[in-house]
Every structure is written in C-alpha cells, then in structure tokens.
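Structure, as structure tokens:
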C-alpha cells in the first residue's frame, strides 16, 4: 500500500546567485521593496533628524538648510544630497502605500485572491513611482 502513494513534492530554497533569474510575481516584488524601503528609512533616520533640526531651529538655520540643496554640505555636493533625499522620498511613499495595501488585504478577505493581489501590487508600485517622480521633479527644480 505504501507503494501506491504519490511522491511528496520537494521544496528547496533558491541560492542567492539564482535570485536574478527567479521571476517574482508583482506581489513578491512589492513585499521585498516594502522591506527595503523600511530598512532605507531606518538607515537614513539620522539624516531626517538633522534635516528637521536644521530646518526648525531658527531662520538662520533654515537658510542654511535651504542653501544645502543649492551649494551642498561640506564635501557632499547638492546633487548627491538631492539624490539621497529622493531615495528617502521613494522609501517613505512606497512603504506607506505598500503598508496600506497590506492592511487593506488583511481587513478585506475577498481581496486576497491571486488576481486582486497582482492588481493591488501593480497599483502600489505605479502610485509610489508616479508620486516619487512628481516630488522628485519638484526637488530638482523642474517646476
């Protein structure tokens, strides 16, 4: 009787070198980027505290804050500072939107299907990228 049983599926972990070739669904990409954005916000927290402190201390320190995005700070050019702030903007927006998506999926049991998960992941990616481009254009002075 034991011979009639079907063989059990074998699950194995993929190796780090296989990550590039492995095709994740959009929900997996959003999930990984949610973790990356959280880690990025944590790493950039000292910069956020510095920016907040310099911008709120006094009028003179606010002028110093504003000039940092024009002339840079010390050896850090303004363009690099703007890129770091743009990464922070993306991390915040993506983390917020993906977090709302996760909460929505937890609270709405009918939205947990494969197709709904795919659509909500693509919407989360799209909205976070569009908002990042709009705010990045403002940061770099395009409007």
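Remarks
- A prolate overall shape is assigned to the stretch 1-56, the ratio a/c of its alpha-carbon gyration tensor axes (a ≥ b ≥ c) being 1.5 or greater and a/b exceeding b/c.
- Global form of the stretch 52-97, assessed from the alpha-carbon gyration tensor, a/c cut-off 1.5: oblate
- Here volume of the Cα convex hull per residue in Å³ was calculated from the structure, and among [x] 108; [y] 144; [z] 193 it sits at label [z].
- Sorted largest first, extent of the stretch 75-143 alpha carbons per principal axis (Å): 52, 22, 14
- Axis of helix 45-56 versus longest Cα principal axis of the chain: the two differ by about 30°, to the nearest ten degrees.
- Order of 132, 57 under a 10 Å beta carbon neighbour criterion, fewest first: 57, 132
- Likely footprinting exposure, 118, 6, fewest C-beta neighbours within 10 Å first: 6, 118
- Acute angle (nearest 10 degrees) that the helix 26-43 long axis makes with the longest principal axis of the chain, alpha-carbon atoms: 40
- Between 0 and 90°, nearest 10: helix 114-139 axis offset from the chain longest Cα axis: 10
Rule-based calculations on the coordinates, nothing more; no lab input. Computed from a prediction, not measured in an experiment: that's the story for all the values here. Neighbour counts run over all protein chains shown; Cβ positions are idealised from the backbone, glycine included.
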